[in-house]
Structure formats: C-alpha cells, structure tokens
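Read the structure below first, then the notes.
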Amino acid sequence: MPAEGVHRPAWAEISLSALSHNLDVLRRVAPGIALCGVVKANGYGHGEVLVARALVDAGVDHLAVAIVDEGLELRQAGIETPILLLAEIPADTLVPALDARLSVTVGSLDGARALVEVARSRDERAVCHLKVDTGMLRQGVAPDEALEAARLLTACPQVDLEGLFTHFSVADGDSEDHRSFTRQQRERFRVVRDELSRAGIRPRVVHDSNSAGLLGHPGENVTMVRPGLALYGYLPAPWLGESLESAGLSLRPVMSLRARVVARRRALAGERPSYGRWRALERDATLVTVPYGYADGYPRRLFGAGADVLIRGRRYPLAGMVTMDQLIVNCGDDHVELGDEVVLLGRQGEQSVDAEDWARWAETVSWEILCGISARVPRVLVP
C-alpha cells in the first residue's frame with residue numbers, strides 16, 4: 001500500500017493488530033501480572049512514540065526506556081503512563097528525569113546517595129526502582145549492598161522505593177548450564193528480596209523477567225514482567241516457542257519493510273553490478289533498483305550471504321553489493337514493472353522474509369536487525 005507523505009518510495013509498516021495480538025499472548029503467558037512494555041532504542045526500531053501509544057491504548061501497565069531522552073520524548077508526546085528508566089543515570093541528569101516524572105533506577109550505593117541528595121530539594125517524591133546485579137555484571141547494586149542501598153532510599157521521605165528488580169543474562173539459553181545460571185540469578189534475587197522484607201522494606205513492584213525469562217522461566221512472586229523483543233513478534237531463541245505452541249499461541253512480527261522498484265534495465269551475462277563489481281552475472285538478466293540501502297539498515301553483508309527480496313510474490317537475489325541508498329536486484333527473465341512493490345521484511349503472497357532471516361544472513365541477532373532500521377525510514381501505522 002502507498003505510504004502517505006513519503007517522498008521516497010521506501011517505508012516501514014507497523015501493524016497495530018500484530019502488536020495488540022502479541023501483548024495479548026504475553027498476558028496469557030503471565031496472567032494477572034503487570035506488563036512493562038520495553039520501548040527503548042526507538043521502540044526496537046519500530047518507532048518509539050508510535051509503539052508506546054499503541055501499547056498504552058492496548059492497556060499496558062508500564063513502559064520502559066534506556067535513557068532519559070527516550071523518556072522525555074514520550075512525555076512530550078503526551079504519554080502519561082509510568083515510565084521506568086532501566087539503567088542508573090548520571091547524577092546531573094536526575095533533575096530532568098524527575099521533572100518528567102520518570103521512575104529512575106538506582107544501581108549502586110553512590111547512585112542511592114545521589115538520588116537522596118537531589119530528592120531532598122524537591123517537593124514531589126522521586127520514584128525509583130532498585131536494581132540488583134545477580135550475575136549480569138553490567139549494572140546494579142551488589143546483593144550484599146542491596147539492603148544498605150534500600151535503607152538509604154527509604155530513610156528519605158522524598159524518595160518512593162517503588163520497585164526492586166534484576167536482569168537475566170542467559171535466560172534464552174537452553175543448555176543445562178544456562179538454565180542453572182538463570183535459576184541461580186533468581187535465587188540470589190529471592191535472597192535479597194527476603195532480606196529487605198525482614199527489614200520491613202517491601203517494594204510494591206518486583207520484576208526479573210525479560211522476554212526470554214517470561215517465556216522460558218515463568219517467575220514466582222513477581223508483580224511485573226518486562227517483555228521487549230517478544231512484543232515485536234520475535235522469540236529470543238527458537239526453543240522458547242515450545243510453550244507457546246503447546247498452548248496454541250504464536251507471535252506475529254509487527255514490522256514489515258516495503259519499497260518500490262524505481263529503475264529497471266537489462267544487463268548481459270558477465271557484467272558486474274554495483275560497487276566493487278563483486279559478482280558477474282551468470283546469464284542475461286533484468287536488474288531492478290530498490291531505494292533502500294545500508295543507511296536505512298540493510299547490512300552490506302547480506303549480499304555475500306545470499307539474501308533475497310520479494311517482488312510479485314517471488315524471491316529474487318541481490319545482484320550486487322548493497323549501497324548506501326539503493327539495492328540492485330536480479331529478476332532474471334521475469335517481468336517486473338516500475339512501481340512494483342518490493343518486500344524486504346514481511347510477507348508477499350506465499351513467501352516471507354523476517355528479521356531472523358536477516359540475522360542469520362548477517363550473522364547477528366534479530367535485536368540488532370530491528371534496532372538498526374534507520375530513523376530516515378518512515379514508520380506507517382497499519383491495522
């Protein structure tokens with residue numbers, strides 16, 4: 001479908017029905033537990049404000065972002081849902097974060113002291129979540145310092161210690177070592193929670209699971225989960241789909257990438273299209289140009305890996321190296337018209353290409369593929 005207001009015929013379609021469907025699936029997996037939709041990194045490449053508004057309309061309980069500016073963008077868009085900053089932020093950014101009513105993360109004793117100092121100068125209480133490092137070794141207060149940090153926070157009347165959380169590092173792994181480590185992380189978190197509880201500190205919101213934790217390691221005694229990738233229709237690992245399949249459930253990709261053929265030419269066998277002249281045509285062929293390149297998030301390495309696109313319901317390979325703004329596609333002897341729709345991600349007829357295909361071709365993960373879709377690609381909401 002044409003994308004209104006697009007001056008270059010390349011766009012991303014964001015399916016509201018797929019997003020709502022995925023949220024409903026995750027609600028079924030975690031009945032009665034609050035859902036915090038992770039919309040950092042421009043909504044995993046889908047458009048932060050678009051996705052956040054859709055999730056709020058669908059009844060999500062919280063939103064989560066990684067940096068202050070992401071939270072500010074949501075507030076400036078009129079979104080009033082609670083927003084959690086997932087990482088501890090520098091002390092000199094606490095004021096704008098709190099002014100925007102963002103819930104801040106405390107992940108160190110120094111961070112606790114900084115928040116208390118800032119909060120004491122304010123009229124409105126500062127809402128925070130205490131993050132415990134149970135093995136990720138990235139951010140978070142050490143388990144043996146969690147009680148001290150919690151006491152610093154709760155001793156200040158201007159601070160509301162709303163939440164306690166941790167983050168799994170290998171919940172998507174299906175080896176016994178990975179499963180065992182995730183159990184260890186959960187146990188370390190339980191020990192901290194019990195220690196705080198004995199001291200009379202009982203945060204209202206307790207959460208430990210990302211998408212992989214939610215699907216593969218159902219939580220106990222938590223009040224919230226933080227799905228990210230699964231909201232957008234992808235599994236962190238194939239084995240995590242087993243529980244969904246057994247319940248007759250599945251996720252749907254939310255984003256499709258589409259463009260239109262903007263040029264067409266006949267080329268002779270032996271000619272070498274695009275920069276580098278990497279590959280000679282084996283036979284005469286019709287080549288078409290598609291206005292989408294690595295500046296839009298189409299990795300160069302997809303050419304060498306044998307990536308293809310969809311035109312008129314058929315798969316066609318790239319004819320030459322990916323360029324900054326354009327692709328050259330080999331359509332063989334098939335008839336293709338200027339203006340024909342090209343599907344880079346998504347379904348066309350009986351064929352489909354998804355972010356997992358790109359990730360396999362590019363030897364990376366679907367998170368990186370989705371988050372790499374450039375901001376210059378317009379996002380268009382579709383039903």
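Listed values, structure above:
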{"quantity": "Exposure proxy order (Cβ contacts within 10 Å, fewest to most) of E88, E13, E148", "calculated": "E148, E13, E88"}
{"quantity": "Fewest-first ranking of C331, C36, C371, using other Cβ atoms within 10 Å as the exposure measure", "calculated": "C371, C331, C36"}
{"quantity": "Shape call, region 16-240: gyration tensor on alpha carbons, a/c limit 1.5", "calculated": "oblate"}
{"quantity": "Under Karplus coefficients 6.51, -1.76 and 1.60, residue-wise ³J(HN,Hα) of region 131-143 in Hz, glycine/proline x", "calculated": "9, 10, 7, 9, x, 5, 6, 10, 8, x, 6, 5, x"}
{"quantity": "Residue list for region 68-102, given a label point 7 angstrom along the Cα-to-Cβ vector of A199 and an amide N cut-off under 20 Å", "calculated": "88"}
{"quantity": "Nitroxide proxy distance, nm - points 7 Å out along Cα→Cβ at R360 and Y275", "calculated": "2.8"}
{"quantity": "3J(HN,Hα) from dihedral phi, region 364-374, Karplus parametrisation 6.51/-1.76/1.60, rounded to Hz, x for glycine, proline", "calculated": "9, 10, 5, 4, 5, 4, 5, 5, x, 5, 5"}
{"quantity": "Karplus 3J(HN,Hα) series, Hz, for region 115-122 with 6.51 cos²θ - 1.76 cosθ + 1.60 (x for Gly, Pro)", "calculated": "5, 4, 4, 5, 5, 5, 8, 10"}
{"quantity": "E282 versus V262: modelled label distance in nm, points set 7 Å from Cα along the beta carbon direction", "calculated": "3.0"}
{"quantity": "Percent RCO, i.e. relative contact order, over region 162-319, from Cα pairs under 8 Å lying at least 6 residues apart", "calculated": "14"}
{"quantity": "Ranked by how many other beta carbons lie within 10 Å on average, peptides 294-304, 245-255 from highest", "calculated": "294-304, 245-255"}
{"quantity": "Computed [θ] at 222 nm, deg cm²/dmol, the chain (DSSP H ≥ 4; -39,500 (n - 2.57); rounded to nearest 500)", "calculated": "-8500 deg cm²/dmol"}
{"quantity": "Spin-label model distance (nm) - E368 vs S352, 7 Å beyond Cα toward Cβ", "calculated": "2.4"}
{"quantity": "Centroid-to-centroid separation of region 170-186 and region 212-271 [C-alpha atoms, Å]", "calculated": "22"}
{"quantity": "Alpha-carbon centroid distance for the pair region 92-159 / region 320-383, whole angstrom", "calculated": "42"}
{"quantity": "Three-way shape call for region 64-160 based on the alpha-carbon gyration tensor, with the a/c threshold at 1.5", "calculated": "oblate"}
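No lab work stands behind these numbers, since they all come straight from the coordinates. Keep in mind that what you see is a predicted model, and the values were worked out from it rather than measured. Ideal geometry is used to build each Cβ from the backbone, glycine not excepted, and the neighbour counts take in all protein chains shown.
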